[in-house]
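Okay, structure first, notes after.
Bear in mind that the values in this text are calculations on the coordinates, not laboratory data. Everything numeric here is computed off the predicted structure, so don't read it as measured data. Glycine gets a Cβ as well: all are built from the backbone with ideal geometry, and neighbour counts include every protein chain shown.
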Amino acid sequence: MSKKPLILGIESSCDETAASLITENEEGFPVVLSNIVSSQVEVHREFGGVVPELAARSHIEKIDWIIKKAIDESGRKIEEIDAVASTAGPGLIVCLSVGLSFGKALALALNKPFIAVNHLEGHALSPKLNSKLNYPYLLLLISGGHSQFLNVQGLGKYKRLGTTIDDALGEAFDKTAKLLGIEFPGGPQIEIFAKKGNPNKYDLPKPIFNKGGCNLSFAGLKTAILRIIKNIKTDQEKFDLAASFQNTIEQILYKKTKIAFTEFEKRNNLKKKIFVIAGGVAANKKIKSMLLNLCNEKNYKSIFPPTEFCGDNAAMIAMVGLEKYKLNQFNDLDHPAKPRWPLDENAPFLKGAGIKL
Ligand code: KG4
Ligand code: ZN
């Protein structure tokens, strides 16, 4: 039996401190030996959003025992680790620095290679943790900070087909939740509210629905919700607004994903059409089932990560580490933390106003 690599992944880019050990089986499929995630929700709740300084402090307080717990639960010994992979960006620099420095120090102490991982690449590869997934594939990455369609051609080979021109989808969920009086982090709560409401009660805007290819825009929804919320009196009306918001998002994603399918097919000579969703919002069951139906309609194989790998975690960081380890793609210990680190470095920076579509 050949010795399989044992990779430690470390994640601290925002408000989750996480560590995971993964290896692979004889057939070359990843095996998650431990996956520890410690959320800071309680630290930030009273502020209604992530406070960078408090987040960094919390990472510093927890990182030692999170990593120790990940090693203990894996049933393996620290000396057996073959490489350490840490998130190096994008994210909050004060937070990134904690996991990155810890990972570098541990790699140095163990005399093992260090791998700097792009957090978004972690999300992009997260479905590989429990499914066989071959390149190329179309990825819809929907998280708190990003919303993009990417043509994934291989490890490190990403071509952006579309992106949000203002808010990220998770941000839109969180802002809507805040307006509805739901405590931070509100995104997942919207899904619960929406179950009790009428999705056709309110007619909300669908920005750039008929233009801009598969680019996305969500900021207009927030403004519309702000206007409606002023006249809302009952809980039922709140449920109806949450349901109408989620329904509008479904319609936007349905249309834009169809456009992305066409763009993806134009750029690849495909034997098999594969569609992957990843990121925190991919945990939304309503969105997931709508996209699943679209895949059936358009003959796409859908590969969606299980909920535990949708939100931020370190197993997905270790997954990138494992792929890079097998290709001997290591990094020097002076690799910087990168607050901004797009997957497609050549795509123009679109966030903000003033873009012509
Ligand atoms: O990927 P993630 O954990 O962190 C980032 O890298 O951003 O994504 C977090 C985002 C938050 O905005 C959160 O509200 C959203 O994902 N989210 C959801 C759901 N679960 C998490 N949004 C809608 N429905 C959900 N069930
Ligand atoms: Zn994330």
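Summary table below
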read-out: Surrounding net charge for residue 320, when Lys and Arg each add one and Asp and Glu each subtract one, Cβ distance under 12 Å; value: 0
read-out: Positive-end extreme of charge dipole, the stretch 134-304 - chosen from 296, 207, 232 (charges on Cβ); value: 296
read-out: Note, ³J(HN,Hα) from phi for the stretch 133-138, Karplus 6.51, -1.76, 1.60, rounded to Hz, x at Gly and Pro; value: 9, 9, 7, x, 8, 8
read-out: Positive-end residue, the chain charge dipole about Cα centroid, Cβ charges, pick of 321, 190, 274; value: 274
read-out: Nearest 10 degrees, 0 to 90: helix 169-179 Cα axis against the chain principal axis; value: 60 degrees
read-out: Residue 26 versus residue 57: modelled label distance in nm, points set 7 Å from Cα along the beta carbon direction; value: 5.3 nm
read-out: Helix axis angle, 219-229 relative to the chain longest principal axis, alpha carbon, degrees; value: 50 degrees
read-out: Dipole moment magnitude, nearest 20 debye, the stretch 134-304 about Cα centre, only Lys, Arg, Asp, Glu C-beta charged; value: 580 debye
read-out: Note, ³J(HN,Hα) from phi for the stretch 231-237, Karplus 6.51, -1.76, 1.60, rounded to Hz, x at Gly and Pro; value: 9, 8, 10, 10, 4, 4, 5
read-out: Whichever lysines have a C-alpha closer than 21 Å to that of residue 324, once near sequence neighbours (fewer than 8 apart) are set aside; value: 3, 4, 104, 112, 128, 132, 157, 159, 338
read-out: DSSP bridge pairs, the stretch 134-304: antiparallel proportion in percent, nearest 5; value: 60 percent
read-out: Net charge of Cβ neighbours under 10 Å - reference residue 51; Lys, Arg +1; Asp, Glu -1; value: -2
read-out: Computed magnitude of the charge dipole of the chain (debye, nearest 20; Cβ of K, R +1, Cβ of D, E -1); value: 1460 debye
read-out: Rounded to 5, the percent of DSSP beta bridges in the chain classed as antiparallel; value: 60 percent
read-out: Descending semi-axes in Å of the chain, equivalent ellipsoid built from Cα gyration tensor; value: 34, 24, 18
read-out: Packing-based ranking, highest mean first, of 330-341, 232-243 given that Cβ atoms within 10 Å are counted; value: 232-243, 330-341
read-out: Computed [θ] at 222 nm, deg cm²/dmol, the chain (DSSP H ≥ 4; -39,500 (n - 2.57); rounded to nearest 500); value: -13000 deg cm²/dmol
read-out: Derived scalar couplings ³J(HN,Hα) [the stretch 96-101; Karplus, 6.51 cos²θ - 1.76 cosθ + 1.60; whole Hz; x for Gly, Pro]; value: 3, 4, 5, x, 5, 5
read-out: Tilt relative to the chain, helix 285-297 - C-alpha long axis, 0 to 90 degrees, to 10; value: 90 degrees
read-out: Mean separation of Cα contacts under 8 Å (6+ apart) over length of the chain, as relative contact order %; value: 24 percent
